[in-house]
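Since the structure comes first, as structure tokens, the remarks are kept for the end.
The values are calculated or read from the model by the stated rules, or taken from the named source; none is laboratory data. Since the model is a prediction, treat every value here as computed from it, not as a measurement. Neighbour counts are summed over all protein chains in view; Cβ atoms, including those assigned to glycine, are modelled from backbone coordinates with ideal geometry.
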């Protein structure tokens with residue numbers, strides 16, 4: 001069964017206010033993410049991964065030179081889908097429970113944002129910045145290119161895309177500014193759901 | 001002595017017609033490259049590299065975890081300077097000699113362009129695509145992030161920047177189109193000069 005672009009709970013053409021323009025979404029969702037899905041479907045045809053789940057493909061292709069393209073395309077499909085779900089126009093507020101979990105790990109909710117921004121801003125080259133759960137421990141994980149926590153058996157909770165295509169049309173070189181705006185559109189209800197799935201409460 | 005942005009034989013504000021807009025140049029040269037130079041100068045202060053040449057710094061920090069930032073900034077300064085010199089508004093024609101050297105290695109001048117484009121288009125994530133001389137052998141070398149031929153003791157002859165910031169404002173996701181336009185602005189006189197330096201004729 002072929003992988004497809006996810007259905008999102010908001011209208012792509014309008015962008016994700018106030019962080020991401022409709023123009024960026026048309027390229028980011030319509031060209032980049034769409035391209036990864038197409039290349040993934042083509043890349044697994046006739047291979048052992050043809051009927052595997054996305055996570056099985058990512059784990060099976062990880063550090064596997066023969067399936068480097070499949071790793072990149074499957075991971076980028078996963079990463080982008082997670083990213084779109086991490087956001088909603090104007091965001092959704094974090095509950096007290098979520099703020100408590102983040103404070104326990106990072107000192108305070110504001111300290112978490114500060115540390116997340118610092119790590120997201122300093123990914124060199126293309127990549128992602130993840131909040132992940134490793135058992136009951138929370139970590140902020142920098143990732144290059146297509147990397148994500150799945151092959152490391154860590155649970156993704158939140159991600160920002162820091163490939164330049166994610167922010168260049170709207171912010172040019174100002175990645176820091178794009179991260180500030182990202183904070184305004186985080187869908188903390190989605191993050192809370194992922195925290196529950198990860199067994200954090 | 002502090003490193004500085006190179007003086008270019010063309011006017012940055014006008015862009016590099018028909019390939020790169022003045023708007024892109026204002027960010028790419030004025031913000032990105034400028035930023036690497038600033039960070040490089042700050043990063044070598046008080047270190048053993050304080051009075052080293054750029055190539056010495058690149059070689060000395062290559063695969064050196066302690067100096068990862070210095071490697072990135074020194075290499076990116078080198079890479080961008082080489083890139084600006086590889087181009088000229090409307091390009092400069094390749095001489096018969098240059099075409100011959102390329103044809104000997106790649107089949108024909110057109111085959112070289114085709115192979116170079118294929119490699120430049122398929123760098124995954126941020127990076128560069130170099131034409132290099134390894135002794136008398138020519139190679140087309142893909143490079144991730146800040147990588148260049150200097151630590152490998154190969155001679156750079158031509159480079160294209162495929163970090164998204166190099167083409168996103170002008171071409172968005174169409175990296176292939178940006179490469180086609182790059183071919184129209186290659187300064188083949190500079191390339192010939194580098195080929196001579198590399199002892200190719």
Does residue A:72 count as crowded, with 18+ Cβ neighbours inside 10 Å, part of a helix (DSSP H, G or I), within 14 Å of another protein chain (Cβ to nearest Cβ) and touching a strand residue (DSSP E or B) at 6+ places or on another chain (Cβ under 7 Å)? no
Would you tally the residues in the range A:66-80 being farther than 14 Å from residue A:44 by Cα and out of contact with any helix residue (DSSP H, G or I) (no Cβ under 8 Å at 6 or more places or on another chain)? 1
Meets criteria (within 14 Å of another protein chain (Cβ to nearest Cβ) and at pLDDT 95 or above) for residue A:127: yes
Filter result for residue B:34 (assigned to a helix (DSSP H, G or I) and in contact (Cβ under 8 Å) with a residue 24 or more places away in the chain): yes
If you go through A:151, A:89, A:94, A:156, the only one that is more than 14 Å from chain B (Cβ to nearest Cβ), in contact (Cβ under 8 Å) with a residue 40 or more places away in the chain and either on the phi > 0 side of the Ramachandran plot or buried (at least 21 other Cβ atoms within 10 Å of the Cβ) (or both) is A:156
Starting from residues that are within 17 Å of the chain's Cα centre (by Cα) and assigned to a helix (DSSP H, G or I), keep the ones in the range B:6-30 and report whichever is nearest to residue B:175 (Cα to Cα). B:24
Looking at (1) in contact with a helix residue (DSSP H, G or I) (Cβ under 6 Å, 6 or more places away or on another chain); (2) more than 14 Å from chain B (Cβ to nearest Cβ), which is the only condition residue A:121 fails? (2)
When you go through A:63, A:50 one by one, which is the residue that is surrounded by fewer than 18 Cβ atoms within 10 Å (Cβ to Cβ), within 26 Å of residue A:29 (Cβ to Cβ), touching a helix residue (DSSP H, G or I) at 6+ places or on another chain (Cβ under 9 Å) and away from chain B (no Cβ under 14 Å)? A:50
Among the numbered conditions (1) closer than 19 Å to residue B:90 by Cα; (2) under 13 Å from the mean Cα position of the chain (by Cα), tell me where residue B:171 comes up short. (2)
Looking at (1) in a helix (DSSP H, G or I); (2) in contact (Cβ under 8 Å) with a residue 40 or more places away in the chain, which one does residue B:3 not meet, given that it meets all the others? (1)
Hey, does the range A:176-191 have a residue that's within 14 Å of another protein chain (Cβ to nearest Cβ) and more than 26 Å from residue A:96 (Cα to Cα)? yes
